[in-house]
Amino acid sequence: MAWKNAVRKALALGDPWEKFHLNAYKTERARRHRYNAMRQTWTQDEVVVKMEKDSFNHGAMRECFRMKKLSNFSKDDWERAHNYVAKRYMDLNTPRETYFDDVRLQMDAKLWGEEYNRHNPPKKVDIFQMAILEMIDREGSPLFHLEHFIEGQYVKYNSNSGFVRSEAIRMTPQAFSHFTFERSGHELIVVDIQGVGDLYTDPQIHTSHGEEYGDGNLGTRGMALFLHSHRCNSICESLNLTPFDLAPSEIESNKTISSTKNAYQTIVRGTEEIVLTPSEEEKEHIQDYIRMRSLSSGYHSGDDRPRTKLTSISSLDSLECDDMILMSESEDSLVDSAKRERNHHHHLRDYHNRLRLDSMTDSGTDTETREMEIMQFKQLVQRKARPSHVLGEIEHRKQLELLEENRSKTGGSVLGQVHLDLAKYHELNRFVKEGESFDQEAAIYHLNQAAKCGCLEAIKTMAQLHLGLPHDTLPGIQLDDNKCELELGFDYMQTAAEAKDRVAMIYISKAYETGIGLPKSKSKNWDKAVYWLEKVINTNTEDEEGNFDGTMDDPQYQLVARQAVMYLSGGYCLEKDPNKAGELYTYAAELATEAMKGKLAAKYYMQAEEAWAECEE
């Protein structure tokens, strides 16, 4: 049988690190710290390890050491101890908290990998179990990251800044990142995918608030960069993921990426990619499982010869690593022992028993509890899931407005902020070569999408663009006269005013007072002008996005005086009321006095007397 043949080969292959004589190194005690992503808790236990003194490779920030860890169920049996890679930051002044943040990030990402697998994609993914080793026998108790040693070709598929590896593009990593964005309700996205086949390590998580998980968390800016580079593939479609809205010019300019989809490979070709769907027990000791799978699948159809090359490398935080081991075995040498044949069933049973027992200690959670936690997480994801396109976001916000009577129409949209960030990235020439001008049409497109999602900054900017007003966001862009829509601009401005934006409320009140800036469908209306002035005067809190305009270009006393003028004259749907005008002039005088405007205060007092005089007449 195939599985028997695989076991024979795995057993014959032996320990790939045997030649490094790790057994000869000093036995050390270490405190292992493991993180439970579901419970968000840490557990500790003590383990026994042997580690090399010198690192065998390094990435951009960390160096790696070969290590063996004795199983809790094996006493001094270093021959059967599993291979691990211990990593530490080359900067020895790195805060200890950073090690814990890294583990929390990877285990949270692993949880999302498990959720992805429950949707039966063509290929499943897994993110390596990661823990912290505190070397308690060493001075200062230094910390190391602990991961299983893995075999295969190490490839970086995408990065935390939108990079997609063109010569090794594969559909699963891109679909997985897209999946995490939608199923988390836009709260996070797992990126920086790198690893062997569909086994990932050292991911990065961007969150909607840009907090947690260290400096690599770029927040919505990181989400924007990934979604701008992502093109939905057949796996995205099978998972019912929705495409992210891009401008026509962006789609056209990125056809180069889309045209390579035919070259994406989602089937195993020898040992180029070792694609695994291990059991829970096998996942925890993936080194042996990978070796078995790679050997059992190491034949071409109709080829009588086994593969002669098996590349072994450790997972690093660099882009690629040097191949560590080159091995060759013949079929005859694997099965030439009758004694080995008699012991195969014993070895297989013992092997799986070790995997099962070790996985229990590595995960720190029994199977029943784990299944219960997984079900709770699944239910949470189902409640949070939201599409990636703007139409879905609009429908979602409408439903929330129906459920919550006083819910605001702006703010709270992560998708809107992502589109706004993309508009700003275009202005910063992020997507063009040096010396080229940025794509203004694409920038406006994303600004418009952000406005549709209720992003207040985008709404104000769209209003200012259509009304021909100066604007802080995309200041270098001006709409042509034939593209300016006064009606649309005024509607955007009114939406901003309803969101308690002070500048917008003042603009609307002036438009109704003077008629300047009003679209043809509307006319001067002092009743509405007074209403909006009252809103401005009584608004001393933040707008719906938590901002407050403290630049008092229109001081309160001036706004109150404008109300008084309209009440004194009457007209345009506002009934004349000299008494109300006198009260408002008096209030304006008091505000001017507080602002150290003595002459202006005296003027307002005088105008108040004149208004009351009209009442006596």
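Taken together, the values in this text are just the output of simple stated rules run on the coordinates, not laboratory data. These numbers come from a predicted model, not from an experiment. Every residue, glycine among them, receives a Cβ derived from its backbone with ideal geometry; neighbour counts consider all protein chains shown.
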May I ask which of LYS87/LYS110; LYS535/LYS603; LYS500/LYS599; LYS378/LYS398 have a Cα-Cα span longer than 22 Å here?
LYS535/LYS603; LYS500/LYS599; LYS378/LYS398
Could you give me the ³J(HN,Hα) list for the range 78-83, computed from phi with Karplus coefficients 6.51, -1.76, 1.60 and θ = phi - 60°, whole Hz, x at Gly and Pro?
6, 5, 10, 5, 7, 7
Using per-residue counts of other Cβ atoms within 10 Å, averaged over each peptide, order 564-570, 462-468, 93-99 from highest down.
462-468, 564-570, 93-99
Report the residues of the range 48-62 in range of a label on ASP91: point 7 Å along Cα→C-beta, backbone N strictly under 13 Å from it.
60-62
Would you kindly calculate the translational diffusion coefficient of the range 433-537, applying Stokes-Einstein with the Kirkwood radius from alpha carbon pairs, for 10 °C and a viscosity of 1.306 mPa s, and quote it in µm² s⁻¹ without decimals?
110
Could you put MET67, MET372 in order, starting from the residue whose Cβ has the fewest other Cβ atoms within 10 Å?
MET372, MET67
Quick calc: nm separation of the 7 Å Cα→Cβ label points for MET596 and MET38 -> 6.4
Determine the equivalent ellipsoid of the range 389-493 by diagonalising the alpha-carbon gyration tensor, then write out the semi-axes as square roots of 5 times the eigenvalues, largest first, rounded to whole Å.
26, 17, 10
Give me TYR425, TYR25 ranked fewest to most by other Cβ atoms within 10 Å of their Cβ, as a rough exposure proxy.
TYR25, TYR425
Ordered by fewest other Cβ atoms within 10 Å, a rough proxy for footprinting exposure, THR43, THR172, THR473 read THR43, THR473, THR172
What distance in nm lies between label points placed 7 Å from Cα along the C-beta direction at GLU436 and SER238?
3.4
How far is it, in nm, from the label point at ASN429 to the one at GLU371 when both lie 7 Å from their Cα along the line to the Cβ?
6.0
Using r as the Cβ-Cβ distance of LYS26 and ALA385, and R0 as 41 Å, what FRET efficiency do you calculate, to the nearest 0.05?
0.20
Residues of the range 554-568 with amide nitrogen under 17 Å from the 7 Å Cα-to-Cβ point of ASP527?
566-568
Pop the C-beta distance of LYS576 and GLU212 into the FRET formula with R0 = 56 Å and round what comes out to the nearest 0.05.
0.40
Distance between Cα centroids, the range 552-617 to the range 441-478: provide it in whole Å.
36
Just to verify a number: FRET efficiency for GLU18 and ASP45, C-beta to C-beta distance, R0 = 25 Å, to 0.05?
0.35
Amide H proximity to GLN204 below 5 Å, modelled H, separation 5+ or other chain, gives VAL191, ASP192
Relative packing of peptides 117-125, 199-207, 395-403 - highest average C-beta neighbours within 10 Å first:
199-207, 117-125, 395-403
